[in-house]
Structures are given as structure tokens and as C-alpha cells.
Amino acid sequence: MWPAMTQAIACRDLKKYYADVKAVDGLDLFIDNGECFGLLGPNGAGKTTTIEILEGLTVPDSGDVEVLGLTWKGNERELRQRIGISLQETQLSDKLTVHETVHLFRSFYRSGPAPDDLIRDLSLDEKSNARVGKLSGGQKQRLAAACALVGDPDILFLDEPTTGLDPQSRLQLWEVVQRFRTKGGTVLLTTHYMEEAERLCDRVAIVDHGHLIALGTPQELIAKLEARNIIEFSSDPPLPEETLRNLPGCHGCTPHGNAYQLRVDSLAESVPQLLAAVEKTGAKLLTLSTHEATLEDLFVSLTGRELRDV
Amino acid sequence: MSDKVRPAIVELTSARTKEFLRETEAIFWVFGFPLLLALALGFAFREKAPDRIPVGVIAGPTASREAAALKRSPALSPRVLNPDEAHDALRHGKVSLVVDSSHSLIYRYDPTSPDGRTARREADDALQSAAGRRDVMPARDEYVHEQGARYIDFLIPGLLGMNLMGTGMWGMGFTIANARMKKLLKRLIATPMRKSQYVMSQFLSRLMFLVVEVTVLVAFGWLVFGVRVNGSIAVLALLCIIGGYAFSGLGFLTASRARTLEGVSGLMNLIMMPMWLCSGVFFSYERFPDAAKPFIRALPLTMLNDALRAVMNDAAPLTKVMPHLALLAVWGIVTFAIGLKIFRWQ
Ligand SMILES: Nc1ncnc2c1ncn2[C@@H]1O[C@H](COP(=O)(O)OP(=O)(O)OP(=O)(O)O)[C@@H](O)[C@H]1O
Ligand SMILES: [Mg+2]
């Protein structure tokens, strides 16, 4: 690799419009070498469209893309050798075994790890001779990761690698990503899970309706929230919203059914105030819980919507 | 299990081959079905010793002598009946001829029925020579059962052609449409794999099965029905390969854009149906109007069937089937070229 080059991926003013929707609407992204970068956003935000443009699978309507300092046009063969991809929805051939699938993908690349080593690295060695159709969801995702890693790529693209997985499978996949990073690899991943972004990513871009709405390290983004803490509580009867907004140190209040979510500076200051207010109105406290603000809360405060449609 | 990295074309071909071998139903349609069809049709139309034609003899003093004379003809099966029975039997077709010698000798039969006319000639010969007639010009019969002229001889090459069409088209088309639907094609083009190698591997894998398929069907025809390959095996093999190539191309083109399996199935049937009907699989296309024949002859299956029959039945040399081979090759080249041009990888 060229030592002078620091950007693994760069795109400027990326646009992709479909008939009825602006999937990507003027996106700029610059991802450094060795960085793990997360694209975060709700369903339909344009994450897949963006990542597939960067992967050279979708042609943008306008905008420039450079991957490893090269444009897709004229450098496709070279770039394909140097990147590894896991698509959001691919069903690898059910009739082949894990071993056969990895061997097949390995044969497309000029260099890379020995298939059996890779299978062991991804803890799939017990399943090596099992048909792909018989794997669990987590095992399939690890096989997809194996197929992405089989060419020893400089950049790893993962589109929702852990969606629908149980916590243990998710952890296993995170380990795979972290191991790839210790070898100096660059990662671009998309996710719905804030926790995943916070754990894995150096920087996160939050996208919505094809726009970038926030960019920074997870800590920077959370710091953007005026409030560091969240109080969720409900009472019978509910308190008037007015009362809550006027509590000292409260930066905002969002109703959730008959519960409220308050964003506050300090729990030590606000919780006693809140309890006092409840007592004063003669209402009965039903639930009360608090947590530190996360990217999830940032998304709610930026868009007024939940990140995941539940 | 080796951990050696083999060339992509080898891996792709072997992957495709394994996928097929692990697809039990597909194995039946490729190998079992044509054999069952050949077996059923072969027995339905097998050569039988010509039946004796039933003849009635009206009961009377001379009836048993006449019946015995008639029995000596290999073509007749006489029985003695009283006049009423004979009348009904003739009317219902249970006998084709009634011999009545109660007064003078009378042959009673339907002149429009070939059996009736044959029976009349045979019966007359038998009775006249029994009565002492001498032939002025002695003659003897020589029977011909020409190998290569039976229905089964016509059928086996037709089934071979039909099978090459079916497996060629489905083998390519179904796999490709399926891989596209599952986004496997998209995943593959996200690797450095060469697209041409993918297409090539599909065809190579097809070719391996084609060898088995053809061998099984030809051996079956030979062992069970005595259908021989009168021409050169090498020419037959070449024909099957080029024919398989043409139909793989057609299957590839059919599947080059389809997004769903239903879409590709419909299109396949639309393309194959006219060839099943017109290309002389089960019966000769000579019965179609002359105006239609140039079109029928341009169809790849017609080309293939004609050439297969020429080689298997008439021992045609390579030079004789050159035009067929050329036309089939053109079909293959053109369909692959167009297919690659318009191919939808995702
Ligand atoms: N091929 C297409 N044709 C038409 N519209 C499309 C196409 N692909 C995507 N879209 C639309 O573009 C928008 C962005 O889709 P995209 O798949 O990029 O979202 P996403 O952020 O990946 O969502 P998810 O989290 O559900 O995967 C959506 O509204 C989608 O319906
Ligand atoms: Mg997506």
C-alpha cells in the first residue's frame, strides 16, 4: 500500500435517486486507512445504497467515489482483489458445504489465507463439512464474513452483519471484525444497532433520508446531546408535559405512550425534583428508570423518530 | 480434503456439478424420465408378429374341411359359425370375412376394410390350392425386418434430442435464474471472478452430465430395443456436444434477464413447446404443410433430431451432417453472445 495515502474511501456529493425516492442525496464521506467506520440509520435511510455504490455494485447518478485512491471505472479488477464484501442479503448455495464454499471464493483471489485456517479463525471448523443450508443464522453470517475475508482484503465492507443474530453470535462477529482491524484493515459497516456502532466503530455517520445528519466518534456524538442522562418514568395520572419541561436541568421531554422520556444534565439534580413534582400533584409513581445517553437517544433527539421501527 | 487452491474455473465447475448431484429430483428428470419414456413408448409400439385375421365359416357338411384349409394360411384364423352368428360377427367386426359354401362358394366381406380384402385373397388362395389348383409360376415369400426402420429406431434419436434440449435449457436457465434471485450472482460479481468463467463453468458442468446422459440413453436403446448406432460414435458425440452447446446458449439467453423462477419457467416452456411439437421428436415433421417446413428445419431441435437420425439410423458420415452442425453452432454462438450482452447480474 502507498504510505502517503491515508484515505481508504472517499466520496463527494453522492446522489442516487430512484423513481419515487431519493435514496442517497448528496453524501460526503472520508474514511481513513485502518479506521472502522459505521453507517447508522433507520430502515430506508440509504445505507445499503451508499455502501453498494462504494463497493462498485451500484452506479451513482452523480458524485465521485475513490476507493484505495482508485476510481471504479478502469480499476474494477484491481479493486475487487483488494476489498472484501458481505451483502445485506445473499444466500450462498445451500447445496455446498462450508469448506467447498470457502474454497470456491478463495479461487477468485490471487492471494489470501488458506481456507481451512480461515474456517478455523471463524470457529466454523466443526461445520466445515456441513451444507450451507443447514447452518444457523449466526454461522451463515460468519461464513459470509469468511467469504469476505478470503482474499485478504485491505477494506472490509459489511452490510448489517449482525441483524437478527442472538447476542452470542453478535459477539463472535465483533471479534472477527476486531481481529481484522488489529492487522491494519479498514472496515465500513452499516447497522441499526447503536451498541454495535459504539463498541466497534472509531467514527459513525448517522444518515436519514439519504442525508448525513451527524458525524463523529461515538463519544463526540453523544456529547452533542445537550443532556447526558435519560430518565424514563410513568405515573398515574400522568403529569402535564408543561410541569416536566419546566424542571430545572431538563433539556427535553418526549412522550412514549403514557410514559415520558426526559433528557437531563444530571440525575442527582433532576430525579429528586421529579419525585417532588409527582408528590405535589398527588399522582402515584408507576415506573422509573435512568440510563446514560446513547447514540439511539441522539437519533431520537435529531429526528424525533426511533431508529428502529418496532 | 486438500487445501490446495485450484483455478477458479475448476472450482466453479466442480461446485456446479456437486450442486446438481445433490439435487435428487433433478437427477430423475435428467436420467430417469427419458428412460421411462423410451420404455413406455418402445413397448407400446413394439414389433409384433402380424395378427391372424379372424374368418367365419358357415356351418355345413364341408365346413370343417374348409376351416382346416384356411388354417394352413398364416394370415387367417378360421372358426365355424352358424349363419346367424356369422352375420352378427361380421357386422360387429369380430370376423373380417365370412366363407359361405352352402350353395356355391361365397366370400362375404366389407370391401373398404383392408383386413377384409386381405382375408378374401388369402382365403381364396387357400381354398383353391386345397381343391387342387397349381400355381403356374412358383414363388416364395421373403420377409424384411429392416433394422433402423422401426418406430423405436425413430424414437430413440428423437428422445435423445429432446433430452439434450431439456437438460441444456433447464440446466443453464434454472440455475442462473435461481442464483440471481438469491443474490448469489451479485455476490459473485462482487469478487474478482471473471464473468466469462462463470458462464463457461456452467456449460462445462453441463457437458459432463451430457456425456452420462447420452451414454445411458443410447446404451438403453441398444440393450433393450436393439437400436444400434449405425454411424460413427465420434460423429454422434460431436453432434451431442454441439447440440448441447446450442441449447445451453438458448437456456442462457432465456435466463439472462428473468428475475423470478416463474418468469424463466414460462419463457422456457414457450420456447420449448414448438420444438416438442414440430421438431420430429415423436413423429416426423413431414406431415406439416410445406410452407412451414423451412421454419421447422431452422429450429435447433429439428436440426439435431435430423442429424441424430441420419447418424444413428442411416450411418451418415460427418460430411452429411456438417450443415446441421454448423447451424447448431450458430444457434449456440448467437444465443450466448446476445445473452452475455443483455445479462442482468443483479
Ligand atoms: N433498486 C431500487 N429501486 C427503487 N428503490 C430502491 C431501490 N433500492 C433501494 N431503493 C429505495 O431507496 C431507499 C434506500 O434504500 P436502502 O436499501 O439503501 O436503505 P437501507 O438504509 O439500507 O435500509 P435497511 O436498513 O432497511 O437495509 C429505500 O426507500 C428503498 O426503497
Ligand atoms: Mg440496507
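For region A:1-81, what is one quarter of the convex hull surface built on the Cα atoms, given in nm²?
Computing the convex hull of the Cα atoms and averaging its projections yields 5.7 nm².
Name the lysines eligible as straight-distance cross-link partners of B:Lys94: C-alpha to C-alpha under 22 Å, and not fewer than 8 places from it in the same chain.
Cα-Cα hits under 22 Å: B:Lys48, B:Lys71.
If the viscosity is 1.567 mPa s and the temperature 4 °C, what Stokes-Einstein diffusion coefficient in µm²/s follows for region A:165-310 when Rh is the Kirkwood radius over Cα pairs?
Working: Rh = 17.2 Å.
Rounded to a whole number, D works out at 75 µm²/s.
When the Kirkwood hydrodynamic radius is evaluated over all pairs of different C-alpha atoms of region B:53-143, what value in angstrom, to one decimal, is obtained?
The Cα-based Kirkwood calculation yields 13.3 Å.
Taking the 0 to 90 degree range and rounding to the nearest ten, how far is the long axis of helix B:300-314 tilted relative to the main principal axis of chain B, both from C-alpha atoms?
50 degrees
When averaged across all projection directions, what area in nm² does the alpha-carbon convex hull of region B:151-342 cover?
If I average the Cα hull's projected area over directions, I get 11.1 nm².
Please say if region A:226-292 is rounded, prolate or oblate, where rounded means a/c under 1.5 for a ≥ b ≥ c the square roots of the C-alpha gyration tensor eigenvalues, and otherwise the choice is prolate for a/b larger than b/c and oblate otherwise?
prolate
Less than 13 Å Cβ to Cβ from B:Val57, Lys/Arg counted +1 and Asp/Glu -1: what total charge do the surrounding residues give?
Once positives and negatives cancel, what remains is +1.
Over the alpha-carbon set of region B:6-73, work out the extent along each principal axis and list the three values in angstrom, largest first.
Each principal axis gives a Cα extent; for region B:6-73 these are 92, 19, 9 Å.
When the scattering of the protein assembly as shown is computed by the Debye formula from its Cα atoms alone, each counted once and equally, what is log10 I(q)/I(0) at q = 0.11, 0.12 Å⁻¹?
For the protein assembly as shown, the Cα-only Debye profile gives -1.11, -1.20.
Keeping every protein chain present and rolling a 1.4 Å probe, give me the accessible area per residue for region B:270-318 in Å².
Numbers: 2330 Å² over 49 residues.
That works out to 47 Å² per residue.
For chain B, what's the relative contact order in percent, using C-alpha pairs closer than 8 Å and at least 6 residues apart?
20 percent
Under unit Cβ charges (Lys, Arg +1; Asp, Glu -1), what dipole magnitude, rounded to 20 debye, does region B:151-342 have relative to its Cα centre?
On the way: 17 positive and 7 negative charges, 218 e Å.
Charge dipole of region B:151-342: 1040 debye, to the nearest 20.
What is the sum of charges, Lys and Arg at +1 and Asp and Glu at -1, for the other residues whose Cβ falls under 14 Å from the Cβ of B:Cys278?
Within the 14 Å Cβ shell, the charges total 0.
Take the Cβ-Cβ distance between B:Ser104 and B:Met137 as r, set R0 to 22 Å, and report the resulting FRET efficiency rounded to the nearest 0.05.
That pair, B:Ser104 with B:Met137, gives E of 0.20.
If a/c stays under 1.5 just call it rounded; otherwise compare a/b with b/c (prolate if a/b is bigger, oblate if not). Do that for region B:263-344, with a ≥ b ≥ c from the square roots of the Cα gyration tensor eigenvalues.
Oblate shape, in that a/c is at least 1.5 and b/c is the bigger or equal ratio.
Quantify, in whole percent, the carbon and sulfur part of the accessible surface of region A:7-221 (1.4 Å probe; protein heavy atoms only).
45 percent
Rounded to the nearest 100 Å², what's the accessible area chains A and B bury against each other, both chains counted, probe 1.4 Å?
Roughly 2900 Å² of accessible surface disappears when A and B pair.
Sort out the exposed loop GluC sites (Glu not before Pro) in chain B (DSSP loop, at most 10 other Cβ within 10 Å) and tell me the longest stretch that has none.
B:147-346
Beyond a 29 Å Cα-Cα separation, which of these cross-linked pairs lie in this structure: B:Lys183/B:Lys341; B:Lys293/B:Lys320; A:Lys224/A:Lys284; B:Lys18/B:Lys182?
A:Lys224/A:Lys284
With +1 on each Lys and Arg Cβ and -1 on each Asp and Glu Cβ, and nothing else charged, work out how big the dipole of the protein assembly as shown is about its Cα centre, in Debye to the nearest 20.
I would put it at about 2840 debye.
Taking a ≥ b ≥ c as the square roots of the Cα gyration tensor eigenvalues, with a/c under 1.5 meaning rounded and otherwise prolate when a/b beats b/c, else oblate, which class fits chain A?
Values: a/c = 2.55, a/b = 1.84, b/c = 1.39.
Prolate.
Using alpha carbon coordinates only, what is the Rg to Rh ratio of region A:196-269, with Rh defined as the Kirkwood radius?
Rg/Rh for region A:196-269 comes to 1.07.
Please give the direction-averaged projected area of the C-alpha convex hull for region A:95-213, in square nanometres with one decimal.
Value for region A:95-213: 8.1 nm².
Taking 0.36 nm per residue of separation and subtracting the Cα-Cα distance, what length does fully extending A:Glu175 through A:Gln261 add?
27.6 nm
Identify, among B:Pro83, B:Asn313, B:Ser14, the residue whose Cα sits farthest towards the positive end of the charge dipole of chain B, taking +1 on the Cβ of Lys and Arg and -1 on the Cβ of Asp and Glu, with the dipole about the Cα centre.
The residue sitting most towards the positive pole is B:Ser14.
How high is the relative contact order of chain A? Use alpha-carbon pairs under 8 Å, at least six apart in sequence, and give a whole percent.
Computed over chain A, the figure is 19 percent.
Summarise the long-distance tail of P(r) for chain B by giving the % of C-alpha pairs beyond 35 Å.
Beyond 35 Å sits 45 percent of the P(r) for chain B.
Considering the options B:Ile152, B:Leu70, B:Met169, tell which one lies farthest towards the positive end of the dipole of chain B, charges being +1 on Lys and Arg and -1 on Asp and Glu at the Cβ, about the Cα centre.
The Cα lying farthest towards the positive end belongs to B:Met169.
Can you tell me, using C-alpha contacts under 8 Å and at least 6 residues apart, the relative contact order of region B:53-143 as a whole percent?
So the answer I get is 30 percent.
Compute the signed sum of charges (Lys and Arg +1, Asp and Glu -1) over the other residues within less than 11 Å, Cβ to Cβ, of A:Glu232.
Working: positive: A:Arg263; negative: A:Asp297.
Summing Lys and Arg as +1 and Asp and Glu as -1 gives 0.
If you keep only loop residues by DSSP, which trypsin sites (Lys or Arg not before Pro) in region B:71-178 have at most 13 other Cβ atoms within 10 Å of their Cβ?
Sites meeting the loop and neighbour criteria: B:Arg72, B:Arg133, B:Arg134, B:Arg140.
The values are calculated or read from the model by the stated rules, or taken from the named source; none is laboratory data. Worth saying up front: this structure is predicted, and the values here are computed from it rather than measured. Positions of Cβ are generated from backbone atoms using ideal geometry, with glycine treated the same way; all protein chains shown enter the neighbour counts. Side chains included, ligands, DNA and RNA excluded: accessible areas come from the protein's heavy atoms. Shrake-Rupley method; radii C 1.70, N 1.55, O 1.52, S 1.80 Å.
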